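In what follows, a single structure is set out as structure tokens and then discussed.
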Amino acid sequence: MSGDGTVGKALDVLDQVAGFARPVRFGELLDQSRYPKATLYRFLQVLTNQGMLSYDPDRQTYALGLRLVRLAHGAWTQSSLAPIARPFLDRLSTQVGETVHLAQLDHAQVLYVDKRNATQPVAMYSQAGKVGPAYCTGVGKAMLAFLPEPDLGTALAQQSFHRFTDQTLDSEAALRAELDAIRGRGYAFDREEHEPGIICIAMPILTERGRMLGALSVTGPTSRTDLDRLETWAPALADTAEQIAREVQAWRFPDQDVRQTGS
């Protein structure tokens, strides 16, 4: 439930349309909406008039509008690590030959902002622009591990701890123990915790003062790799993460010391 009035409700409807990942009819939206028919229709009309949605009168379907696409492109350019990280990801992808992911935290979830496919691609959940759970993905755990308190506590309270596989960590206590281990070695693993047969090593992207900017990973199927083999890429991942962090700090996110000092 949104607590942001009319704007929040309209954004709820926009999120609902986007969640279908295809053009959607009014009846389908109404079936899943918490708003009455007239209210839902009014929000759809406003969003369409503003260009945030488009309406196809022949098919009678709603889809994301061009104005939203322009805004998304602006956000990707201004706020995402992806444009700056692109050449470094290309270099790492060529070096390792497996799938490379770049991710950021979005409201305690993982937002995949870029991806390079392996030399021999394997179907997996992650795609650029897709949102995934933080507690059971390598990039998610790598980012959570380097969040300061109380941000970490807030993020953990928002995890569902749904068991996707037998390897999924299903409690805050188990995840906190894992995050301690990640801090100790500097990187995270996904041990088939989100998808059966898919494993990864993930490295946080940190500023010089330790502020977490995102994470990147090397991911592969258990049919052709294992965690020991993936771990050999830790130095290359660390080097890539450092290069991205330096570039990001210089151009986009200058790191400011917000710590209070005594007088």
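Some values worked out for this structure:
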| read-out | value |
| --- | --- |
| Spin-label model distance (nm) - Val122 vs Leu227, 7 Å beyond Cα toward Cβ | 1.5 |
| Difference of contour (0.36 nm per residue) and Cα-Cα distance, Ala234 to Asp31 | 68.4 nm |
| In nm, spacing of pseudo-spin labels at Thr39 and Arg163 (7 Å Cα→C-beta vector) | 3.8 |
| Formal net charge of residues neighbouring Ala188 (Cβ-Cβ distance under 15 Å; K, R +1; D, E -1) | -1 |
| Additional length obtainable on full extension of the chain from Asp58 to Thr207, 0.36 nm per residue less Cα span | 48.5 nm |
| Gain in span if fully extended, Arg176 to Leu66, counting 0.36 nm per residue against the direct Cα distance | 35.4 nm |
| Cross-link reach list, lysines versus Lys130, counting only Cα pairs under 18 Å and skipping chain neighbours closer than eight places | Lys115, Lys141 |
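Every read-out reported here was derived from the displayed coordinates using simple, explicitly stated rules and does not represent laboratory data. Source: prediction; values computed, not measured. Every residue, glycine among them, receives a Cβ derived from its backbone with ideal geometry; neighbour counts consider all protein chains shown.
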